[in-house]
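What follows is calculated from the coordinates using simple rules that are stated; it is not laboratory data. Predicted model, so just to flag it, every value in this text is computed and none were measured. Note that each Cβ is placed from the backbone with ideal geometry, even for glycine, and that neighbours are counted across all protein chains shown.
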Amino acid sequence: MKKEYKPVHGMWTSRWVFILAATGSAVGLGNIWRFPYITGEYGGGAFVVLYLLCIALMGIPIMVAEVMLGRRGGLSPIHTMSKLAEQSKVTRRWAGIGYLGALSGFLILSFYSAVASWALIYVWEAAQGVFQGITAVQSKAHYEDMLASPWLLLGAHTLFMAITMGVVALGVKQGLERAVRVLMPVLFALLVVLIGYASTTPGFAEGVGFLFAFDFSKLSGEAVIVALGQAFFTLSLGMGAIMAYGAYMPREIKDKSGRSRPVSIVSCVVTIAVLDTLVALGAGLAMFPLLFTGGLEVGQGPGMMFVTLPLAFGQMPGGLLFGTLFFVLVVCAAWSSSISLGEPMAAWLVERGLRRGPAALVVGLAAWLLGVGSVLSFNVWKEHEFLVGTFFDNIEFLSTSVMLPLGGLLIAIFAGWVMKETHARKELAMKSFPLYLIWRALVRVVSPAAVVALFVYSLWSVLAADDAAAEAGADGDPVEQTAPVEQEAR
Ligand code: PHE
């Protein structure tokens, strides 16, 4: 007889807390760091439209599926999936979705902490006025110096991992809920302040124009795939973070008059996707005008946030204050995301009998240790390349380009084809039948097809890049070599 696991983690206090927590997971480095620079590289407005389409046609349906599975199971993703497989009378191997997800969360957490901690260092430095009056060459050198200092990076990585797993250790109510209740309003307020600041700069109109001018001639097949991958990563899909958060979502909640009202998954998910998108666009609105004001290049890749932006702040009146606030914003966003990366694995350990504290400690220590490899990839191990690049590149590629899409594909297949339809329908409890049918068609056909395309393309692009590298011999593109993340095309 298989052991029955009971939900032991507690529930979100309200529908809004679930929305805040899931938005906290979704809004992160993907929105503030990655979205603006890929939009810059793929030409602005037309890319934004593609991205919005991917969110609507693939992101939202898969997110609905994840929350639905999570709420129905009520357990950590691993146990949720094995419970649901049993209910649907299919092999318990479907629990593999949970294992795969927990593992991807763990891998992502390891390098996410390494990168987020750069922002932690930048908060400190911006507040000290390090970027005031800096030149382009100095800003680049500054960034490279930071990456060349393993001890500094290790210290910041340790601090970031400690604050992340500290929250996980405190549990759903005392930890996660309290953290997002503070972090998310701070994040939104900071973003509004920074957009306000950007709107006072002379480059504002140009920045807005860049984000919203639809020049479709700039689009390529590659842009489609990048937009698809971005939609996936930014909504935290395919790894169980959203499934775990869904498990803490009540089915009904009492309104002010004491009457029980059902909590609709679809309306929560749409709200989360809209908020996530607003933050990504807001980050673009806060950043591009500054770059245009400073006459700086917008399409130069991952260094945008750590090289070009400090330069822009350094030249502007009020740049010390607003530059510091900007990096505080990045840290808040990354923090609320990293919590959700550690939660599925920690929750699983708790269900297996560990207390919260030790469970968080085990996951945190292991992810920290793996993250050391990512930290060293920018200095001591920089030259050690294998498969797709450095240690960091490999972990990042494996988790975000292989494991997330695979997890998403399996989730869509399970929710659309494997699970009993009556179960899915009951859990979703959608009022509108046509809307339900649209969801079902998207999750059965459109989303899986999109994920397969993404998958094939990203593997193909790596193989092609390998061939190109072999042909080019040792002297690759020097600009690419200084970029922290080398595969743009996922
Ligand atoms: N969505 C987060 C971001 O945009 C990253 C993330 C991915 C978090 C997967 C959790 C799970 O930065």
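Projected label points at ALA141 and ARG355, each 7 Å from Cα along the beta carbon direction, are separated by 5.3 nanometres. The charge dipole of the stretch 15-468, taken about the Cα centre with unit charges on the Cβ atoms of Lys, Arg (+1) and Asp, Glu (-1), comes to about 2440 debye, rounded to the nearest 20. Working from Cα pairs under 8 Å separated by at least six residues, relative contact order for the chain is 33 percent. So if R0 is 22 Å, what FRET efficiency would LYS426 and ALA56 give, r being the distance between their Cβ atoms, rounded to the nearest 0.05? Computed FRET efficiency for LYS426 and ALA56 comes out at 0.30.
For ILE253, nonlocal amide neighbours, meaning residues 5 or more places apart or on other chains whose placed amide H falls under 5 Å from its own, are ARG261, VAL263.
Projecting the Cα atoms of LEU409, ASN394, ILE195 onto the charge dipole of the chain, computed from C-beta unit charges around the Cα centre, puts LEU409 farthest toward the positive end.
Please give the length that would be gained between LEU321 and VAL90 if that part of the chain were fully extended, namely 0.36 nm times their separation in residues minus their C-alpha to C-alpha distance (nm, one decimal). Walk me through the numbers before you get to the answer.
Details: separation 231, 0.36 × 231 = 83.16 nm, distance 5.71 nm.
Taking 0.36 nm per residue and subtracting the Cα distance, the gain is 77.4 nm.
Taking trypsin sites (Lys or Arg not before Pro) across the stretch 35-135, the ones in a DSSP loop with at most 14 further Cβ atoms lying within 10 angstrom of their Cβ are LYS89. For an R0 of 35 angstrom, estimate the FRET efficiency from the Cβ-Cβ distance between LEU369 and LYS254 and round to the nearest 0.05. Once the sixth-power term is evaluated, E becomes 0.20. FRET efficiency for ILE438 and THR200, Cβ-Cβ distance as r, R0 = 41 Å, nearest 0.05? With a Förster radius of 41 Å, E is 0.45.
Of the chain, which part is the longest with no GluC sites (Glu not before Pro) in a loop (DSSP not H, G, I, E, B) and with at most 15 other C-beta atoms within 10 angstrom? List each step's numbers first, then the result.
Numbers: sites that count: GLU4, GLU297, GLU383, GLU385.
Maximal segment without exposed cleavage sites: 5-296.
Extension gain, TRP124-TRP151: 0.36 nm per intervening residue step, less the Cα-Cα distance, totals 8.1 nm. Taking 0.36 nm per residue of separation and subtracting the current Cα-Cα distance, fully stretching the chain between LEU459 and SER217 would add 84.5 nm.
May I ask which of LYS256/LYS420; LYS218/LYS382; LYS254/LYS431; LYS173/LYS256; LYS3/LYS431; LYS140/LYS218 have a Cα-Cα span longer than 31 Å here?
Checking Cα-Cα distances, LYS256/LYS420; LYS218/LYS382; LYS3/LYS431 exceed 31 Å.
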